[in-house]
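*Asks:* I have a structure I would like to understand better, so I am pasting it below and will then ask my questions one at a time.
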Amino acid sequence: MPTKQMLVALLTLFVCPHLLFAAGTVSGKVTYTGTPARQKPIDMSKEPSCAKQHATPVTTETVVAGPNNALDNVVVYVSSGAPDDGQVPAQAVTYDQKGCQYIPHVQAMHVNQELKILNDDQTSHNIHPLAKVNREWNKSQPPGTPPLSEKFDKPEFIPVKCNVHPWMHGYFAVLTTNHYDVSKDGGDFKLPNLPPGKYTITAWHESYGTQTADVTITGNETKDVKFTFTAKPY
């Protein structure tokens, strides 16, 4: 059965056929105010094969701040009005374990999209997504073994940890839309290919919670949206 969004789009095309190929973009920057918690250096001395991969000690990634109060690792996505809900991408997303870190720190994906987990280290890892809505699992992955393949069938933000290396933490963002991005390179994000319509854009950060903004796309345009989170110095 056609959705309200689809009917509006069809009516728009009937009245304004020049909008047949119209697709807008929502882009912007995520920043913070206040003083973010100082990230702690990670001691990997008990895992020399990982420690030698880092010229300088790495730090925790709970809050990754950049110049001009930029905030990275924020999941920005269309939480309402997305035209492709239920369309699961055929291509898998990957989550790498390298240098005893999760890369990327936050991996977004569509519900039921294949997730491939790699181990590029010379040591075993134990990847443990702490799901509450989805099925919780915990799998060992020795070095040199094929990628693990998993899927999550419900939307959820899932913390991930390694039971072997307690400093390894990350997140899976399981969404019901393909219109998402994770802020990077100074807090930037971009959501392209949005047909005319009304959308709710949500920004999620693992420590600072969520914010939303309503946006209307009318054609081939770029709407600028800014999210500002209040940092907590602890």
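*Asks:* Would you please name the residue that is surrounded by the most Cβ atoms within 10 Å (Cβ to Cβ), looking only at residues in segment 63-78 that are among the aliphatic types (A, V, I, L, M) and in contact with an Asp or Glu (Cβ under 7 Å, 6 or more places away or on another chain)?
*Replies:* VAL76
*Asks:* Might you check whether a residue that is assigned to a helix (DSSP H, G or I) and not β-branched (Val, Ile, Thr) occurs anywhere in segment 30-47?
*Replies:* no
Listed here are the residues, each with its yes/no results for (1) surrounded by fewer than 18 Cβ atoms within 10 Å (Cβ to Cβ); (2) under 17 Å from ALA82 (Cα atoms); (3) polar (S, T, N, Q); (4) touching a Pro at 6+ places or on another chain (Cβ under 8 Å).
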site	(1), (2), (3), (4)
VAL133	yes, no, no, yes
PRO146	yes, no, no, no
PRO155	yes, yes, no, no
ASN178	no, yes, yes, yes
GLY197	no, yes, no, yes
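*Asks:* Working only within segment 180-191, note down all residues that are at pLDDT 95 or above and surrounded by fewer than 17 Cβ atoms within 10 Å (Cβ to Cβ).
*Replies:* Those that are at pLDDT 95 or above and surrounded by fewer than 17 Cβ atoms within 10 Å (Cβ to Cβ): ASP188, LYS190.
*Asks:* Any residue in segment 97-109 that is within 11 Å of ASP121 (Cβ to Cβ) sitting within a Cβ distance under 7 Å of a residue that is among the polar types (S, T, N, Q) and in a strand (DSSP E or B)? List the pairs, counting only those 6 or more apart or interchain.
*Replies:* GLN97/ASN119
*Asks:* Okay, moving on. Check off (1) out of contact with any Pro (no Cβ under 6 Å at 6 or more places or on another chain); (2) surrounded by fewer than 20 Cβ atoms within 10 Å (Cβ to Cβ); (3) closer than 22 Å to ILE42 by Cβ for MET168 and give me the number that stays unchecked.
*Replies:* Unmet condition: (2).
*Asks:* From VAL106, VAL93, which residue is surrounded by fewer than 18 Cβ atoms within 10 Å (Cβ to Cβ) and modelled with pLDDT of 95 or more?
*Replies:* One residue alone meets the criteria, VAL93.
*Asks:* State whether one or more residues within segment 42-62 are among the β-branched types (Val, Ile, Thr), in contact with an Asp or Glu (Cβ under 9 Å, 6 or more places away or on another chain), within 22 Å of VAL225 (Cβ to Cβ) and modelled with pLDDT of 90 or more.
*Replies:* no
*Asks:* Right, next: In this structure, is TYR199 out of contact with any Ser or Thr (no Cβ under 9 Å at 6 or more places or on another chain) and within 30 Å of ILE217 (Cβ to Cβ)?
*Replies:* No, not satisfied.
*Asks:* For segment 134-234, which fully contained strands (runs of 3 or more DSSP E) count at least 2 residues that are under 20 Å from VAL30 (Cα atoms) and in contact (Cβ under 8 Å) with a residue 12 or more places away in the chain?
*Replies:* Of the strands (runs of 3 or more DSSP E) lying wholly inside segment 134-234, those with at least 2 residues that are under 20 Å from VAL30 (Cα atoms) and in contact (Cβ under 8 Å) with a residue 12 or more places away in the chain span 169-175, 180-182, 188-194, 197-205, 209-217, 222-230.
The values are calculated or read from the model by the stated rules, or taken from the named source; none is laboratory data. Keep in mind the model is a prediction, meaning the values are calculated, not measured. All Cβ positions, glycine included, derive from the backbone under ideal geometry; neighbour counts span all protein chains shown.
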